[in-house]
Amino acid sequence: MNTRGTLSFLAENSSAPIYRPSVGGAKARLDLSGNYLKREVEILDGRDLLEAFSVHEQGFQLVKHKSAVNDIYDMGQRTQLHDVECCELVTTATDATYTHVFDHTLRSSDSSRRKEKRSREPTTVIHNDYTPRSGPQRVRDLMGNEAETLLQSHFAIINVWRPIRTVDSFPLTMCDARTVQPEVLIRAERRAKNRIGEIYVVLFDPKQRWIYFPTMKTDEALLIKTYDSREDGRARWCIHTAFDADITKPNARPRESIETRVFAFIAPNQAQPKVAGP
């Protein structure tokens with residue numbers, strides 16, 4: 001069912017934004033400077049659309065996958081099962097020859113659950129996680145002596161977004177990458193304790209096409225492309241946000257989810273394993 005939602009866009013007259021990622025816990029809050037404009041937009045139900053979604057076309061795709069994990073908060077299961085599953089999903093979607101999990105973020109819209117699990121809040125400002133500068137820099141930050149060799153190949157960063165329980169509130173909406181003009185993407189400095197990065201925030205454009213998948217269940221995952229080094233016409237990234245849907249019931253359960261970020265290196269000439277863990 002299509003819905004409407006109020007999304008937060010950067011205002012045209014805003015100062016240069018600065019984003020400080022929250023620390024998990026009950027008081028986790030979005031910390032993003034700048035001026036923002038709220039717009040009510042139509043959000044299409046992707047389940048009703050007669051089209052195939054792809055990380056290379058629209059920038060995202062929904063996949064069916066029943067995980068072997070029964071407790072995502074168990075670090076052993078997360079490393080031994082979840083990360084391998086995520087790499088396999090990304091390999092299938094991108095034809096990567098080498099994948100590497102490098103980050104997890106747990107989120108909840110319930111403060112007591114955030115306190116218990118040290119998770120973070122849903123992000124309710126439209127953004128993309130990387131820019132042409134910060135995507136390659138993340139490889140350099142994390143891949144050590146291999147980084148420069150890996151950067152000689154094309155690569156993508158895929159966010160594997162999974163519900164921990166059925167999503168009844170604060171679903172994700174993604175913008176069809178084919179409807180995003182370069183001039184609406186505004187760089188924002190990302191200031192964490194141990195590094196300075198960069199993300200995109202977004203200006204409003206009435207031609208943007210927003211899509212969501214209502215009531216996502218635990219046997220589904222969203223693959224969201226947040227960076228691609230290739231400039232050959234395929235989607236390079238996918239702007240997205242959590243939102244409060246008009247059709248959300250007053251007694252809807254809080255949203256609880258995990259996102260796992262995966263490097264996907266497309267390097268046919270490299271003698272590396274097809275799937276790797278973190």
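If you go through the range 4-21 and keep only what is surrounded by 17 or more Cβ atoms within 10 Å (Cβ to Cβ) and either touching a Leu at 6+ places or on another chain (Cβ under 9 Å) or over 24 Å from Thr248 (Cβ atoms) (or both), you end up with Ser8, Phe9, Leu10, Ser14, Pro17, Tyr19, Pro21. A single entry from Val160, Val202, Val167 fulfils the requirement of being crowded, with 20+ Cβ neighbours inside 10 Å, in contact (Cβ under 8 Å) with a residue 12 or more places away in the chain and touching a Cys at 6+ places or on another chain (Cβ under 6 Å): Val160. The residue of the range 62-83 that is surrounded by the most Cβ atoms within 10 Å (Cβ to Cβ), among those that are more than 24 Å from Arg47 (Cβ to Cβ) and of a type in the set (S, T, N, Q), is Gln77. Is it fair to say Lys225 is buried (at least 19 other Cβ atoms within 10 Å of the Cβ), over 18 Å from Asn35 (Cα atoms) and charged (D, E, K, R)? For Lys225, the condition - buried (at least 19 other Cβ atoms within 10 Å of the Cβ), over 18 Å from Asn35 (Cα atoms) and charged (D, E, K, R) - is met.
In the range 183-199, which residue that is closer than 20 Å to Leu7 by Cβ and among the β-branched types (Val, Ile, Thr) is surrounded by the most Cβ atoms within 10 Å (Cβ to Cβ)? This residue is Ile199.
To keep it simple, each residue is scored yes or no on (1) at pLDDT 95 or above; (2) within 15 Å of the chain's Cα centre (by Cα); (3) over 25 Å from Asn70 (Cβ atoms); (4) of a type in the set (Gly, Ala, Ser).
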{"residue": "Ala221", "(1), (2), (3), (4)": "yes, yes, no, yes"}
{"residue": "Ile239", "(1), (2), (3), (4)": "yes, yes, yes, no"}
{"residue": "Pro250", "(1), (2), (3), (4)": "no, no, yes, no"}
{"residue": "Ile266", "(1), (2), (3), (4)": "no, no, yes, no"}
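The values are calculated or read from the model by the stated rules, or taken from the named source; none is laboratory data. Keep in mind that this is a model prediction, so the values were computed, not measured. Quick reminder, even Gly has a Cβ in these numbers, built from the backbone with ideal geometry, and neighbours come from all protein chains shown.
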